[in-house]
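*Asks:* Below is a structure I'd like to ask you about.
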Amino acid sequence: MSAHEPLVFSGMQPTGNLHLGNYLGAIRNWLKLQQQYRCIYCVVDMHAITVDHDPKALAQATREVTAAYIASGIDPKRSIIFNQSQVTAHAELAWIFNCVARVGWLNRMTQFKEKAGKNSEKMSVGLYTYPVLMAADILAYRATHVPVGDDQKQHVELARDIAQKFNNDFGVADFFPQPEPIITGPATRVMSLRDGTAKMSKSDASDNSRINLTDDADTIAQKFRKAKTDPLPLPEAEAELKARPEADNLISIYAAFAEKGKQAVLDEFKGAQFSTFKGALSELVVARLSPIAGEMRRLLGDPAEIDRILHKGAEQARAIAAPVMAEVRRVVGFVS
């Protein structure tokens, strides 16, 4: 049993428009966690520069992601919200962890292989060591719980390995906790509206593949109407969805917003044509997302207020990380 006080840490990259997958797969679960735990929610802008980027676009995207957090219900009075680059502990601890982690561990990280493909030698060192920085993000605050998608679970496992090796190498038993990944709720992995076998992504060339949090009602309805489906009516049993990825995706989205199981949704719509179901789905999603889009527009109209929230959050984050880093420096042998 860990002696560490429960603390949640998670973050999101400021790269392009946030979409339905970000909301259902991450932000909505964060809202529930902030009711139960101390929470730190970061905009991970240092991760965003591991690939080519536009500096002006990065600054704007950082504010947009912050606005999405707040508009969705993340309360800066209850949870700490800040951008990663304002707290130097992330970079400092990442370097120390680079000297603790093993090359073999990083070679096993599947996400780097997926992103780099055949061009691994042309990728930045930062993209390769991305999981080490993620470990530092978590452990600078000695966070105990990390809400992540399935594709990031391996990185949390690496953070556990790094924490254990640091503790063992420097004889500081249980100094860093073993963070636990939290993967909760339906529709944690929302798929593309154009291909039910591919994850919904900000980087997809087709805007019709995703529902952006800033899309208006007409755009949402149009994208669902155009969403790829098969010619069959909706099935009666959930098991039948396994062979129908596009149908499964749309049913999953409806279930998540309606807070029902997929079978309960099928009980309501079984035998219906997709044209009917897509209309109901659009109405449900618009009702939930329209208030978020409106609040995001209001917040983005006052960037100074967003910056104030980020600065205050960074001060709070630095206060938590400072004693952790002081002890890390001492046990490593740095003279301060």
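*Asks:* Kindly evaluate Tyr41 against the criterion of being crowded, with 21+ Cβ neighbours inside 10 Å, aromatic (Phe, Trp, Tyr) and part of a strand (DSSP E or B).
*Replies:* Against the criterion (crowded, with 21+ Cβ neighbours inside 10 Å, aromatic (Phe, Trp, Tyr) and part of a strand (DSSP E or B)), Tyr41 qualifies.
*Asks:* Looking only at region 202-219, which residues are surrounded by fewer than 18 Cβ atoms within 10 Å (Cβ to Cβ) and not in a helix (DSSP H, G or I)?
*Replies:* Listed by number, the residues that qualify are Lys202, Ser203, Ala205, Ser206, Asp216.
*Asks:* Are any residues in region 154-190 aliphatic (A, V, I, L, M), within 30 Å of Ile253 (Cα to Cα) and touching a Leu at 6+ places or on another chain (Cβ under 9 Å), and if so, which ones?
*Replies:* Result: Ile182, Ala187, Val190.
*Asks:* Going through region 220-241 one residue at a time, which ones are of a type in the set (S, T, N, Q) and buried (at least 16 other Cβ atoms within 10 Å of the Cβ)?
*Replies:* The one that is of a type in the set (S, T, N, Q) and buried (at least 16 other Cβ atoms within 10 Å of the Cβ): Thr229.
Residue by residue, here is whether (1) of a type in the set (Val, Ile, Thr); (2) closer than 30 Å to Ile253 by Cα; (3) surrounded by fewer than 22 Cβ atoms within 10 Å (Cβ to Cβ) holds:
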residue: Leu18; (1), (2), (3): no, yes, no
residue: Gln36; (1), (2), (3): no, yes, yes
residue: Thr50; (1), (2), (3): yes, no, yes
residue: Pro76; (1), (2), (3): no, yes, yes
residue: Phe82; (1), (2), (3): no, yes, no
residue: Val103; (1), (2), (3): yes, no, yes
residue: Met109; (1), (2), (3): no, yes, yes
residue: Phe112; (1), (2), (3): no, yes, yes
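*Asks:* From Val332, Val328, which residue is surrounded by 15 or more Cβ atoms within 10 Å (Cβ to Cβ) and either of a type in the set (A, V, I, L, M, F, W, C) or farther than 30 Å from Asn17 by Cβ (or both)?
*Replies:* Val328 is the lone residue from the list that is surrounded by 15 or more Cβ atoms within 10 Å (Cβ to Cβ) and either of a type in the set (A, V, I, L, M, F, W, C) or farther than 30 Å from Asn17 by Cβ (or both).
*Asks:* Considering each residue of region 168-221, count those that are touching a helix residue (DSSP H, G or I) at 6+ places or on another chain (Cβ under 9 Å), closer than 24 Å to Val148 by Cα and not charged (D, E, K, R), and give that number.
*Replies:* Summing the residues that are touching a helix residue (DSSP H, G or I) at 6+ places or on another chain (Cβ under 9 Å), closer than 24 Å to Val148 by Cα and not charged (D, E, K, R) in region 168-221 gives 27.
*Asks:* Still on this structure, please answer the following. Residue by residue through region 314-336, note down the ones that are polar (S, T, N, Q) and in a helix (DSSP H, G or I).
*Replies:* Gln316
*Asks:* Could you please find all residues in region 165-196 being modelled with pLDDT of 95 or more, closer than 18 Å to Leu7 by Cβ, over 22 Å from the mean Cα position of the chain (by Cα) and surrounded by fewer than 19 Cβ atoms within 10 Å (Cβ to Cβ)?
*Replies:* Hits for region 165-196 are Asn167, Phe175.
*Asks:* Moving on. Is there any pair with a first residue in region 24-42 that is closer than 19 Å to Asn83 by Cβ and a second that is at pLDDT 95 or above and acidic (Asp, Glu) whose Cβ atoms are under 8 Å apart and which are 6 or more apart or on different chains, and what are they?
*Replies:* Correct list of pairs: Gln34/Asp75; Cys42/Asp137.
*Asks:* Further, regarding this structure: Give Thr15, Thr50 a once-over and let me know the one that is modelled with pLDDT under 95, under 21 Å from Ser203 (Cβ atoms) and touching a His at 6+ places or on another chain (Cβ under 9 Å).
*Replies:* Thr15
*Asks:* Next up: Can you pull out the residues in region 290-313 that are outside any helix (DSSP H, G or I) and small (Gly, Ala, Ser)?
*Replies:* Gly301
*Asks:* Out of all the residues in region 272-288, is one or more among the basic types (Lys, Arg) and in contact (Cβ under 8 Å) with a residue 40 or more places away in the chain?
*Replies:* Among the residues of region 272-288, at least one is among the basic types (Lys, Arg) and in contact (Cβ under 8 Å) with a residue 40 or more places away in the chain, which makes the answer yes.
*Asks:* Same structure again: Out of all the residues in region 242-257, is one or more outside any helix (DSSP H, G or I) and either surrounded by fewer than 20 Cβ atoms within 10 Å (Cβ to Cβ) or touching a strand residue (DSSP E or B) at 6+ places or on another chain (Cβ under 8 Å) (or both)?
*Replies:* yes
*Asks:* Here's a check for you: in region 258-272, which residue that is of a type outside the set (A, V, I, L, M, F, W, C) and touching a Leu at 6+ places or on another chain (Cβ under 8 Å) is surrounded by the most Cβ atoms within 10 Å (Cβ to Cβ)?
*Replies:* Across region 258-272, the extreme among qualifying residues is Lys262.
*Asks:* All but one of (1) closer than 15 Å to Gln178 by Cβ; (2) of a type in the set (A, V, I, L, M); (3) at pLDDT below 90 hold for Met123; state the number of the condition that does not hold.
*Replies:* Checking Met123 against (1) closer than 15 Å to Gln178 by Cβ; (2) of a type in the set (A, V, I, L, M); (3) at pLDDT below 90, the one that fails is (1).
The values are calculated or read from the model by the stated rules, or taken from the named source; none is laboratory data. All values derive from a computational prediction rather than experimental measurement. In this analysis, Cβ positions are derived from the backbone assuming ideal geometry, glycine residues included, and neighbour counts consider all displayed protein chains.
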